[in-house]
1. For the range 51-73, indicate whether the set of residues that are of a type in the set (S, T, Y), in a strand (DSSP E or B) and at negative phi is non-empty.
2. Of the residues that make up the range 21-37, is at least one modelled with pLDDT of 80 or more and part of a helix (DSSP H, G or I)?
3. If you go through the range 46-58 one residue at a time, how many are open to solvent by less than 50 Å² (accessible area, probe 1.4 Å) and either among the hydrophobic types (A, V, I, L, M, F, W, C) or in contact (Cβ under 8 Å) with a residue 40 or more places away in the chain (or both)?
4. Given the structure, is E48 in contact with a strand residue (DSSP E or B) (Cβ under 6 Å, 6 or more places away or on another chain) and either of a type outside the set (A, V, I, L, M) or not in a strand (DSSP E or B) (or both)?
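The values are calculated or read from the model by the stated rules, or taken from the named source; none is laboratory data. Owing to the predicted nature of the structure, the values given are computational and were not obtained by experimental measurement. Every residue, glycine as well, gets a Cβ built from its backbone with ideal geometry; the counts of neighbours run over all protein chains shown. With ligands, DNA and RNA removed, areas are computed over all heavy atoms of the protein, side chains included. Shrake-Rupley method; radii C 1.70, N 1.55, O 1.52, S 1.80 Å.
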Amino acid sequence: MADDDPRRFPLHADELRSLLLAPDGPLDHFEVVESTASTNADIVADLESDIAAWPGVGVLVADHQTAGKGRDGRTWE
């Protein structure tokens, strides 16, 4: 869906965080960013600079990605 598509709902970070974070949820770390080139590249960079930045199981969610990669090198937005 395009950014201006009315079916595209904004992320509700606080609500998601309350549902997903431990001790009640499955995650130890949950972060939402408005825009990034690649969520995976961001996590790798964070881990390379400070391994404790992502304790346990974590997820980084972006409202918009500009350079993400999917399977077989496909672009992912």
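1. Residues of the range 51-73 that are of a type in the set (S, T, Y), as a first pass: 66.
Restricting the remaining residues to those that are in a strand (DSSP E or B) gives none.
The answer is no; no qualifying residue exists.
2. Taking the range 21-37 first, the residues modelled with pLDDT of 80 or more are 21-37.
The next check asks that each one be part of a helix (DSSP H, G or I); those that pass are none.
Taking every residue of the range 21-37 in turn, none turns out to be modelled with pLDDT of 80 or more and part of a helix (DSSP H, G or I).
3. Looking only at the range 46-58, we keep the residues that are open to solvent by less than 50 Å² (accessible area, probe 1.4 Å), and these are 53-54, 58.
The next check asks that each one be either among the hydrophobic types (A, V, I, L, M, F, W, C) or in contact (Cβ under 8 Å) with a residue 40 or more places away in the chain (or both); those that pass are 53-54.
Looking only at that region, the number is 2.
4. Details: in contact with a strand residue (DSSP E or B) (Cβ under 6 Å, 6 or more places away or on another chain): no; either of a type outside the set (A, V, I, L, M) or not in a strand (DSSP E or B) (or both): yes.
Here the answer is no, as E48 does not meet what is asked.
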